[in-house]
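> Mind having a look at this structure? Questions to follow.
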Amino acid sequence: AQSVTQLDSQVPVFEEAPVELRCNYSSSVSVYLFWYVQYPNQGLQLLLKYLSGSTLVKGINGFEAEFNKSQTSFHLRKPSVHISDTAEYFCAVIDSGGSNYKLTFGKGTLLTVNP
Amino acid sequence: DTAVSQTPKYLVTQMGNDKSIKCEQNLGHDTMYWYKQDSKKFLKIMFSYNNKELIINETVPNRFSPKSPDKAHLNLHINSLELGDSAVYFCASSQNSGSGNTIYFGEGSWLTVV
């Protein structure tokens, strides 16, 4: 079984500042990793995912994440945030060899971008 | 063109009632899901269907019964609603049940049981 820990429940930042949202996972098998974003009163949208290959993954809206196997981390970063980035961000993991698609989500990090 | 659409978006109902939430996807995907998001925003899978066949059932009370009339639809019926059922329910779909596929979520159905 996998688990995901998002170390910060809330991250307030000022507009145009850089941000890092932290995610650590636990698994006894190889995994795929995902970041989803949820804007207020909306569904989840995929930001980016790591399946294999380069450990630096670029996603939509200028976000990127780096897979670090030794530290079992998949932190999300953006060099300069906008007010419109205010949302809840979820890290998720799945067993890469699994035949049934069962995403395990972290508890979310609320990113609040202030003017 | 909404890829994964679910109705109703908001539902307020009394304890003990039976209600349904409908979901349709127009992406041609084989696999559909129901996720529950509780008041603390924690997301957990409830059910998954692949080509109308149940493949994941996550220890959900049997008051919850999913129905998939075809692979584009996955409805959720809830009997004898309880206060603790208040949550946001998300329908989702993916190309198939393989691990690397992106899951596409609907906009959620906010259920409030009073």
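> Taking every eigenvalue of the Cα gyration tensor of region A:1-56, multiplying by 5 and rooting it, what semi-axes result, largest first, whole Å? Display every interim value, and only then the final one.
Working: eigenvalues 107, 40, 38 Å².
The three semi-axes for region A:1-56 are 23, 14, 14 Å.
> Partner chain Cβ atoms within 10 Å, averaged over the residues of B:31-37 - can you pull that number for me?
Values: counts 2, 0, 3, 0, 4, 0, 7.
The shielding value for this peptide is 2.
> Ok, one more. What residues have an amide H closer than 5 Å to that of A:Val31, excluding those fewer than 5 places away on the same chain, when H is modeled at 1.01 Å from N in the peptide plane?
Amide H neighbours of A:Val31, under 5 Å, 5+ apart: A:Ser96.
> Now, a different point. Would you please state the base-10 log of I(q)/I(0) at q = 0.08, 0.13, 0.15 1/Å for the protein assembly as shown, with intensities from the Debye formula using one equal scatterer on every alpha carbon?
Ignoring solvent entirely, the Cα scatterers give -0.29, -0.77, -1.01.
> For A:Lys107, go through the lysines and keep the ones whose alpha-carbon is under 29 Å away, minus same-chain ones fewer than eight residues off.
Once the sequence-local lysines are set aside, what remains near A:Lys107 is A:Lys49, A:Lys58, A:Lys69, A:Lys78, B:Lys9, B:Lys19, B:Lys22, B:Lys36, B:Lys40, B:Lys41, B:Lys44, B:Lys67.
> Continuing with this model, one more query. Given 4 °C and 1.567 mPa s, how large is the Stokes-Einstein diffusion coefficient of chain B in µm²/s, with Rh as the Kirkwood radius over Cα pairs? Please report the intermediate quantities before stating the final value.
Details: Rh = 14.0 Å.
Result for D is 93 µm²/s.
> For B:Lys71, which aspartates and glutamates qualify as cross-link partners when the Cα separation must be under 16 Å and same-chain residues fewer than eight apart are set aside?
B:Glu24, B:Asp30, B:Glu53
> Follow-up. Take the Cα gyration tensor of chain A, multiply each eigenvalue by 5, square-root it, and list the three semi-axes largest first, rounded to whole angstrom. Display every interim value, and only then the final one.
On the way: eigenvalues 116, 41, 30 Å².
In descending order, the three semi-axes are 24, 14, 12 Å.
Since every read-out is calculated from the coordinates, none of them should be taken as a lab result. Quick caveat, the model's predicted, so the values are computed rather than measured. Virtual Cβ from ideal backbone geometry, glycine too; neighbours counted across all protein chains shown.
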